[in-house]
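The values are calculated or read from the model by the stated rules, or taken from the named source; none is laboratory data. Computed from a predicted structure; not experimentally measured. As a convention, Cβ positions derive from the backbone with ideal geometry for all residues, glycine included, and neighbour counts pool all protein chains shown.
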Amino acid sequence: MKFAEFHVGQVIEAGPHVLTQDELLRFARDWDPQWFHTDPEAAESGPFQGLIASGWQTCGIAMRLIADAVLAGSESYASPGLAYVKWPHPVRPGDALSVRATVLQVRRSSSQPHLGLLRWRWQLFNQAGREVLDLEATSLFDLNRS
């Protein structure tokens, strides 16, 4: 989507992505090797009563869904960061994850008129409608880029 297509209150949905156990384990072993992400047997008797995905992996899944559905072909080029990130419920192998992005603010920079700023909330839900990720991001758009 182009920057000019965004408006406050707009809701964009994408997905699902089904997270396999192999995908979960591969990410955890490479990037977040804590036992409740990497050891299915030990995780069974842990606080989550089973294997769960890294919160960072859920962020990556949300990013991929947004990149494919919204940012591909746009003028987006960076983000200065997140206002917050929360993982209210765990993600488990086999979960089908869908993202809902709500546009909170759309504006041009007053000091750099070629710069568009988009503030939006991303929520990731599993197949049961349970929220597993909630974050607020700011995306930058170079409006001189075609």
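Listing for the model above:
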read-out	value
Test for residue 80: is it more than 11 Å from the chain's Cα centre (by Cα), closer than 22 Å to residue 9 by Cα and not charged (D, E, K, R)	yes
Residues (touching a residue at least 40 places away in the same chain (Cβ under 8 Å) and farther than 30 Å from residue 22 by Cα) located in segment 80-115	80, 83, 102, 103, 104, 105, 106
Condition check for residue 99: farther than 15 Å from residue 2 by Cα, within 16 Å of the chain's Cα centre (by Cα) and surrounded by 15 or more Cβ atoms within 10 Å (Cβ to Cβ)	yes
Odd one out for residue 77, checked against (1) aromatic (Phe, Trp, Tyr); (2) over 27 Å from residue 19 (Cβ atoms); (3) without any contact (Cβ under 8 Å) to a residue 60 or more places away in the chain	(3)
Among (1) modelled with pLDDT under 95; (2) assigned to a strand (DSSP E or B) - the single one residue 145 does not satisfy	(2)
Residue within segment 60-79 that is farther than 23 Å from residue 5 by Cβ and either exposed (fewer than 15 other Cβ atoms within 10 Å of the Cβ) or among the small types (Gly, Ala, Ser) (or both) present	yes
Flag if residue 53 is surrounded by 18 or more Cβ atoms within 10 Å (Cβ to Cβ), in contact (Cβ under 8 Å) with a residue 24 or more places away in the chain and either of a type in the set (D, E, K, R) or touching a helix residue (DSSP H, G or I) at 6+ places or on another chain (Cβ under 7 Å) (or both)	yes
Filtered residues of segment 1-39 (kept if touching a Pro at 6+ places or on another chain (Cβ under 9 Å) and loosely packed, with under 15 Cβ neighbours inside 10 Å)	20, 21, 22
